[in-house]
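Beneath this line is the structure, given in structure tokens, with notes to follow.
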Amino acid sequence: MNKDTSLTKKKSGGKLPLGGMLAIIALLALCAGAFMIFRDTTPPVVAIGPDTGQLGKGSVVTVKADDPGSGLKSLEIYAVQGDKRIPLTAKTYPGGILQVQEDIPLDSGTLREGQFTIEVTARDASLYPFGQAGTSKAEKTYALDLTPPRIYVESPVNNLNQGGAGLMIYALSEEAAKTGIQVGERFFPAYLQPGNAGKFLYYCMFAHPWDVPVKDFQPFITASDAAGNSAKRSFNYHTNPRDFRHDKINLSDSFMEQTIPEFQGLIPANLGSLIDQYLYINNTIRKENRARLVEFSRQTSPTMLWSGPFVRLPNAANRARFADARDYMYQGKKVDFQTHLGLDLASIQHAPVPAGNSGRVVYADFLGIYGNVVVLDHGLGLQSLYAHLSSIAVHPGDMVEKGQIIAHTGATGLAGGDHLHYGITVGGVPTQPIEWWDGTWIKHNITSKIQ
């Protein structure tokens, strides 16, 4: 009997009292409640863009809100201008959302030109603090400009030749963020001229590219302001068609064996044959080199650095001409086609090379197919190129005078013998160099337009 009694007492002693169980349940509920309240104590993060202070008609205001805790509950966006508070967006998210982005175009006509402020209120779904949702407010002030630049043509007469250059002078109603002349896919930047008593006067050197037929040549002026408003305008011009020569270049193994070693390190290792290596140089590297000329053209003075006709390599015979179309032949078959975009001038071996006109050296080094090269900037995107040099006597940044000896002729790059490849580029686009040797052409087409 005593044994059974002790067993009963042992079993009853193992039970948790009711009060204890209730205390534990209450504690768990308290912890759960605290977790729900304090699990998200951080309000939403709000960002307003863009960062620029000026917006235009085509601009878009972007509002981003993030809340990785309890998620977003609502988002309100207003535009405040003067005494008006204009609702732009008011959204709720019943299920909660961690991230949201609203893009608001400004072309609805609800805002007028001038200053306005974007106000954003974002609320999350948290219970902290004690039943009131976490709230973030942000604002950003912009200036709204709805008027594109007005373009006033100052050069009523513009005569060009296919492959040649010209100068356009025009004025804008405001300073542009970007302006110039568009010719198909090519863009020729214009440069604001100083000292015009508040008048926004621009000079733009442009070209009728050699590879654009007269019927397809349709240049127009473009201008965009800081707010993104843009305008374009055509202008009067006349351009003359030109016929360019067609030539054949016969490639020999001995010529390729002589020239290709200069390009080691620039040719993929899997190109085994001489002709494959040469075609890679003549195509891929040639395109890369011409792209560099466009890069060089952006390193230009906004004002003219030159004066008068450009000087020619003395006592030199003309060889290849500008825009000669070339078929490359190997073992009796046509293997390539390229266009020669300069003048080849042959004189004595290692002849001294004069600077065509005054300017600044923007490049003086090896440049692929051109071999050793000097590029001079003459301002407004006008640059001269001296290629295949045996030696270079100037450095980038040097200022040189017309006629100053800057190098000596040679046979570096893809050159078949000692000569000077002389080029003129406008905005990085090769143009006819002969025009720049002609004082009459320069007077009629360039300097007579400058006031």
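The values are calculated or read from the model by the stated rules, or taken from the named source; none is laboratory data. None of the values given here were measured: they were computed from a predicted structure. Quick reminder, even Gly has a Cβ in these numbers, built from the backbone with ideal geometry, and neighbours come from all protein chains shown. Each accessible area value is taken on the protein alone, full model and side chains, heavy atoms only, with ligands, DNA and RNA left out. Shrake-Rupley method; radii C 1.70, N 1.55, O 1.52, S 1.80 Å.
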- Query: If you scan segment 227-264, which residues turn out to be outside any loop (DSSP other than H, G, I, E, B) and farther than 30 Å from residue 283 by Cβ?
  - Reply: 230, 231, 232, 233, 238, 240
- Task: Can you run down the residue pairs with Cβ atoms below 7 Å, 6 or more apart or on separate chains, where the first is in segment 97-109 and under 25 Å from residue 229 (Cβ atoms) and the partner is in a loop (DSSP other than H, G, I, E, B) and open to solvent by 80 Å² or more (accessible area, probe 1.4 Å)?
- Result: 106/57; 107/57
- Note on the structure: Taking segment 432-451 and keeping residues of a type in the set (Asp, Glu) and surrounded by fewer than 18 Cβ atoms within 10 Å (Cβ to Cβ) leaves 438
- Query: Any idea how many residues of segment 365-391 are buried (at least 20 other Cβ atoms within 10 Å of the Cβ) and over 24 Å from the mean Cα position of the chain (by Cα)?
  - Reply: 10
- Looking at residue 421, is it crowded, with 16+ Cβ neighbours inside 10 Å and in contact with a Pro (Cβ under 7 Å, 6 or more places away or on another chain)? no
- Of all residues making up segment 265-322, the number that are touching a residue at least 12 places away in the same chain (Cβ under 8 Å), assigned to a loop (DSSP other than H, G, I, E, B) and open to solvent by 40 Å² or more (accessible area, probe 1.4 Å): 16
- Message: Taking the conditions exactly as written (open to solvent by 60 Å² or more (accessible area, probe 1.4 Å) and touching a Phe, Trp or Tyr at 6+ places or on another chain (Cβ under 9 Å)), does residue 159 satisfy them or not?
- Response: yes
- Query: Does residue 104 qualify as being modelled with pLDDT of 95 or more and either out of contact with any strand residue (DSSP E or B) (no Cβ under 8 Å at 6 or more places or on another chain) or under 30 Å from residue 149 (Cα atoms) (or both)?
  - Reply: no
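Conditions (1) farther than 20 Å from residue 311 by Cβ; (2) within 33 Å of the chain's Cα centre (by Cα); (3) not in a loop (DSSP other than H, G, I, E, B), marked per residue:
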| site | (1), (2), (3) |
| --- | --- |
| 412 | yes, yes, no |
| 415 | yes, yes, no |
| 422 | no, yes, yes |
| 430 | no, yes, yes |
| 436 | no, yes, yes |
| 443 | no, no, yes |
- Task: Within segment 212-227, track down each residue that is under 19 Å from the mean Cα position of the chain (by Cα) and either of a type in the set (D, E, K, R) or open to solvent by 60 Å² or more (accessible area, probe 1.4 Å) (or both).
- Result: 225, 226
- Task: Count, please, the residues in segment 231-249 that happen to be under 23 Å from the mean Cα position of the chain (by Cα) and open to solvent by 80 Å² or more (accessible area, probe 1.4 Å).
- Result: 2
- Exclusive hit being in a loop (DSSP other than H, G, I, E, B) and exposed (fewer than 15 other Cβ atoms within 10 Å of the Cβ), set 109, 96: 109
- Message: Cβ-Cβ distance below 6 Å, separation of 6 or more or different chains: which pairs start in segment 198-209 with a residue that is in contact (Cβ under 8 Å) with a residue 60 or more places away in the chain and end on one that is outside any strand (DSSP E or B) and of a type in the set (S, T, N, Q)?
- Response: 203/193
